[in-house]
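J.: Here it is, the structure, as structure tokens.
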Amino acid sequence: MSAQTYWVNENSVTLQAPAPVSLVHQQRIWALGAALHQRSGITEIVPGMNNLTVQFDETRVDGEALMQELQAGWKTIKVTAQAGRVIEIPVCYGGEYGPDLGDIAAHTGLTPEEVVRLHSEAEYTVFFIGFQPGFAYLGGMPEQLTTPRRASPRQAVPAGSVAIGGAQTGVYPKTSPGGWQILGHTDVVLFDPTRDEPSLWMPGDRVKFVAVEVCHA
């Protein structure tokens, strides 16, 4: 299926990949973004979930031509497998660390133990970083764990909360409002601006959650 393109503002356009979201689509988006780094007049490239937003200098780049270029590139770009690093995230599941684990189990018809097993056995891929610095949108969660967001979002989700929102799972790098269902906690620091690489993970990295018994929430 063809991708769609549209204007964001006078110097930004977005390519929207066809549904559904998939790793193959994300790999095409990463490849297109990488190719555009060589293009003169491009000022920013932002890969998103099933989309790619490109900002440009309107005195040097014609937006309509760029949209046509993106659509053509979507069909012809050569994609190579991006293995990425394997990152293990230790997680304390349930109890005070996972206040919504019971609700996730009730919604899915699984036991809490089955939820933990499925969540920690899967291997995930970082599709993109967004929402807040260091927040990775992860693909690869088992369909059985799909759970709607909370009807009433929390005003403060603790940093390190491992959560499920719809068909996605992720980890909150910093305390913030949020409506995802919390099933665990990790002590891993996901974003630190003093590090050479502030974000722990990047698009294409693979992630494994490892159940542990000791956390310091």
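The values are calculated or read from the model by the stated rules, or taken from the named source; none is laboratory data. Note that the structure is predicted; figures quoted are calculated from it, not measured. Cβ atoms come from the backbone with ideal geometry, glycine included; neighbour counts cover every protein chain shown. Only protein heavy atoms, including side chains, enter the accessible area calculation; ligands, DNA and RNA are left aside. Shrake-Rupley method; radii C 1.70, N 1.55, O 1.52, S 1.80 Å.
J.: What number of residues within segment 2-21 are more than 11 Å from Leu70 (Cβ to Cβ), touching a helix residue (DSSP H, G or I) at 6+ places or on another chain (Cβ under 9 Å) and in a strand (DSSP E or B)?
T.: Final tally of qualifying residues: 2.
J.: If you don't mind, another one. Among all residue pairs at least 6 apart or on different chains, which show Cβ distances below 7 Å where the first residue, located in segment 4-30, is of a type in the set (Phe, Trp, Tyr) and the second is at pLDDT 90 or above and assigned to a helix (DSSP H, G or I)?
T.: Trp7/Gly63
J.: Among (1) farther than 25 Å from Pro177 by Cα; (2) open to solvent by 50 Å² or more (accessible area, probe 1.4 Å); (3) part of a loop (DSSP other than H, G, I, E, B); (4) at pLDDT 95 or above, there is one condition Leu110 misses while meeting the rest; what is its number?
T.: Leu110 satisfies every listed condition except (2).
J.: Restricting to segment 172-199, and then to whatever is part of a strand (DSSP E or B) and in contact (Cβ under 8 Å) with a residue 40 or more places away in the chain, can you tell me which residue is nearest to Pro148 (Cα to Cα)? So that I can check it myself, show each step before the final result.
T.: Let us first name the residues in segment 172-199 that are part of a strand (DSSP E or B), namely 176-178, 181-185, 191, 199.
Applying the additional criterion that residues be in contact (Cβ under 8 Å) with a residue 40 or more places away in the chain yields 176, 181-185, 191, 199.
Details: Ser176: 19, Gln181: 8, Ile182: 12, Leu183: 13, Gly184: 17, His185: 19, Phe191: 26, Ser199: 27 Å.
Among those residues, the one meeting the criterion is Gln181.
J.: Looking only at segment 202-217, count how many residues are modelled with pLDDT under 90 and either open to solvent by 20 Å² or more (accessible area, probe 1.4 Å) or aromatic (Phe, Trp, Tyr) (or both).
T.: To start, the set of residues in segment 202-217 that are modelled with pLDDT under 90 comprises 202-204, 213-217.
Retained after the next criterion (residues that are either open to solvent by 20 Å² or more (accessible area, probe 1.4 Å) or aromatic (Phe, Trp, Tyr) (or both)): 202-203, 213-214, 216-217.
Residues that pass the stated criteria total 6.
J.: Any idea which residue in segment 126-146 is farthest from Trp201 (Cα to Cα), counting only those that are assigned to a strand (DSSP E or B) and open to solvent by less than 20 Å² (accessible area, probe 1.4 Å)?
T.: Applying the first criterion (assigned to a strand (DSSP E or B)) to segment 126-146 yields 126-129, 136-139.
In the following step, the residues that additionally are open to solvent by less than 20 Å² (accessible area, probe 1.4 Å) were identified as 126-127, 136, 138-139.
Numbers: Val126: 8, Phe127: 10, Ala136: 8, Leu138: 11, Gly139: 14 Å.
In this case the residue turns out to be Gly139.
J.: I would also like to ask the following. Condition first: within 18 Å of Lys174 (Cβ to Cβ) and open to solvent by 50 Å² or more (accessible area, probe 1.4 Å). Now tell me which residues in segment 192-201 satisfy that. Explain how you work it out, then say what you get.
T.: Looking only at segment 192-201, we keep the residues that are within 18 Å of Lys174 (Cβ to Cβ), and these are 192-195, 197-201.
Residues satisfying the conditions are Pro193, Thr194, Arg195, Glu197.
J.: Being over 13 Å from Ser12 (Cα atoms) and exposed (fewer than 12 other Cβ atoms within 10 Å of the Cβ) is the filter here; which residues of segment 25-59 pass it?
T.: His37, Gln38, Ser40
J.: Please work out which residue is surrounded by the most Cβ atoms within 10 Å (Cβ to Cβ), limiting yourself to segment 60-96 and to residues that are assigned to a strand (DSSP E or B) and not aliphatic (A, V, I, L, M). Outline the logic, then answer.
T.: The initial filter retains those residues of segment 60-96 that are assigned to a strand (DSSP E or B), namely 86-93.
So of that shortlist, the ones also not aliphatic (A, V, I, L, M) come out as 88, 90, 92-93.
Numbers: Glu88: 11, Pro90: 17, Cys92: 21, Tyr93: 23.
Of everything passing the filter in segment 60-96, Tyr93 is surrounded by the most Cβ atoms within 10 Å (Cβ to Cβ).
J.: While we're looking at this one, here's another question. If Val115 meets every condition in (1) surrounded by 22 or more Cβ atoms within 10 Å (Cβ to Cβ); (2) closer than 27 Å to Val214 by Cβ; (3) under 16 Å from the mean Cα position of the chain (by Cα) apart from one, which number is that one?
T.: Failed condition: (3).
J.: Determine whether segment 147-156 contains at least one residue that is touching a residue at least 60 places away in the same chain (Cβ under 8 Å), under 29 Å from Leu52 (Cβ atoms), outside any strand (DSSP E or B) and of a type outside the set (Ser, Thr, Tyr). Steps first, answer last, please.
T.: The initial filter retains those residues of segment 147-156 that are touching a residue at least 60 places away in the same chain (Cβ under 8 Å), namely none.
No: zero hits.
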